[in-house]
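Worksheet: one structure, shown below.
The values are calculated or read from the model by the stated rules, or taken from the named source; none is laboratory data. Note that this is a predicted model, so its numbers are computed, not measured. Cβ coordinates were reconstructed from backbone atoms using ideal geometry, including for glycine residues, and neighbour counts include every protein chain displayed. Just the protein is used for accessible areas: all its heavy atoms, side chains included, with ligands, DNA and RNA removed. Shrake-Rupley method; radii C 1.70, N 1.55, O 1.52, S 1.80 Å.
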Amino acid sequence: MAVKHFETILYEKLEPFFRNYDFVLLAEKKQFRKNTLTGFQNVIFTATAYQDEIWLEVNIGCRSHQVEQIAQQFLGNTRDYWADSNTLVISIGKFNDAKYFRYKIFNENDLEDTCEAIKEFLENTGFPFLNKSDNLKAINNIFNLQPSSPCKYLYNQTHRSYKGIITARLTNDERFLDLSNTHRNVLRRNGANPDELLTFERILSFLLYQSVN
């Protein structure tokens, strides 16, 4: 089955389920998305043809407009991307500590089973996680409760340090200066290049000397 045809069938099968939770299909962005007061929640689908199968990865995520409006000024992404960036994003496999997990679809029955598995995960785990995490305080906790350890809810750990210090400032975290030093040290330990370290200092200067509330 061609990937494009597979995606069309997949979206048709899942659209009624997502509609019940106020998500709308953005087929060109390969996701279902629900706008919130502070940003959006989304479920993203990545299908890849592999021999006679389709391998499907599913990511869940959310966006805080406040965090992204600051972060995207410094990350070097094109402006066309800014409005679609996620603050948190994680695959179903990684969420369940099975980092390289993919749904493997060979036939119609596999697709039906995959859709049911996705819906079950979202109802029981995914949507509750997004609803609980879709606010600045929760995002700050995710990024900054253990700032020296990797954060599984974001793929790019350099961006985790950037967004971690942004959320600390936006929530007026009393550990802000200590967190600044911790994230700087984490970036160095992880081998950040000079440009990445400079970006961190630029974000920090912006947060220290600009009103962000």
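Please verify whether PRO128 is within 30 Å of ASN20 (Cβ to Cβ) and loosely packed, with under 13 Cβ neighbours inside 10 Å, treating the condition exactly as stated. Spell out the reasoning first.
Values: within 30 Å of ASN20 (Cβ to Cβ): yes; loosely packed, with under 13 Cβ neighbours inside 10 Å: yes.
For PRO128, the condition - within 30 Å of ASN20 (Cβ to Cβ) and loosely packed, with under 13 Cβ neighbours inside 10 Å - is met.
If a residue has to be surrounded by fewer than 18 Cβ atoms within 10 Å (Cβ to Cβ), of a type in the set (Lys, Arg) and within 12 Å of the chain's Cα centre (by Cα) to count, how many in region 131-161 make the cut?
1
Please go through region 197-212 and pick out each residue that is open to solvent by 60 Å² or more (accessible area, probe 1.4 Å) and either hydrophobic (A, V, I, L, M, F, W, C) or touching a helix residue (DSSP H, G or I) at 6+ places or on another chain (Cβ under 7 Å) (or both).
Pass one, region 197-212, residues open to solvent by 60 Å² or more (accessible area, probe 1.4 Å): 198, 201-202, 208-211.
Residues satisfying the conditions are LEU198, LEU208.
Filter region 161-186 down to residues that are of a type outside the set (Lys, Arg), touching a Leu at 6+ places or on another chain (Cβ under 8 Å) and more than 23 Å from ARG63 (Cβ to Cβ), then give me how many there are.
1
Go through the residues of region 162-174 one by one and say whether even a single one is open to solvent by 10 Å² or more (accessible area, probe 1.4 Å), in contact with a Lys or Arg (Cβ under 9 Å, 6 or more places away or on another chain) and modelled with pLDDT of 95 or more.
Yes, region 162-174 contains at least one residue that is open to solvent by 10 Å² or more (accessible area, probe 1.4 Å), in contact with a Lys or Arg (Cβ under 9 Å, 6 or more places away or on another chain) and modelled with pLDDT of 95 or more.
Go through region 81-153 and tell me which helices (runs of 4 or more DSSP H), entirely inside it, have 1 or more residues that are farther than 30 Å from ARG175 by Cα, free of Cβ contacts under 8 Å to residues at least 40 places away in the same chain and not hydrophobic (A, V, I, L, M, F, W, C). Spell out the reasoning first.
Values: elements: 92-95, 108-121, 127-133, 136-144.
Filter on region 81-153 gives 92-95, 108-121.
When region 70-99 is examined, which residues are found to be under 11 Å from TYR162 (Cβ atoms) and either open to solvent by 10 Å² or more (accessible area, probe 1.4 Å) or acidic (Asp, Glu) (or both)?
Result: ILE70, GLN73, PHE74, LEU75.
Within region 39-52, how many residues turn out to be farther than 20 Å from GLU15 by Cβ and either modelled with pLDDT under 95 or crowded, with 18+ Cβ neighbours inside 10 Å (or both)?
Counting residues in region 39-52 that are farther than 20 Å from GLU15 by Cβ and either modelled with pLDDT under 95 or crowded, with 18+ Cβ neighbours inside 10 Å (or both) gives 5.
Quick one: which of VAL67, VAL58 is in a strand (DSSP E or B) and crowded, with 16+ Cβ neighbours inside 10 Å? Break it down stepwise before answering.
Numbers: VAL67 fails: in a strand (DSSP E or B).
On inspection, the qualifying residue turns out to be VAL58.
Which of the numbered conditions does ASN109 fail, given that it passes all the others? Conditions: (1) at pLDDT below 95; (2) under 23 Å from ARG63 (Cβ atoms).
(2)
Hey, TYR11 hits all of (1) assigned to a strand (DSSP E or B); (2) in contact with a strand residue (DSSP E or B) (Cβ under 6 Å, 6 or more places away or on another chain); (3) in contact (Cβ under 8 Å) with a residue 12 or more places away in the chain but one; which does it fall short on?
(1)
All but one of (1) without any contact (Cβ under 8 Å) to a residue 40 or more places away in the chain; (2) not in a helix (DSSP H, G or I) hold for VAL186; which doesn't?
Evaluating VAL186 over (1) without any contact (Cβ under 8 Å) to a residue 40 or more places away in the chain; (2) not in a helix (DSSP H, G or I) leaves (2) as the failure.
Tell me, which residue of region 29-55 that is free of Cβ contacts under 8 Å to residues at least 12 places away in the same chain and assigned to a loop (DSSP other than H, G, I, E, B) is farthest from VAL67 (Cα to Cα)?
GLN51
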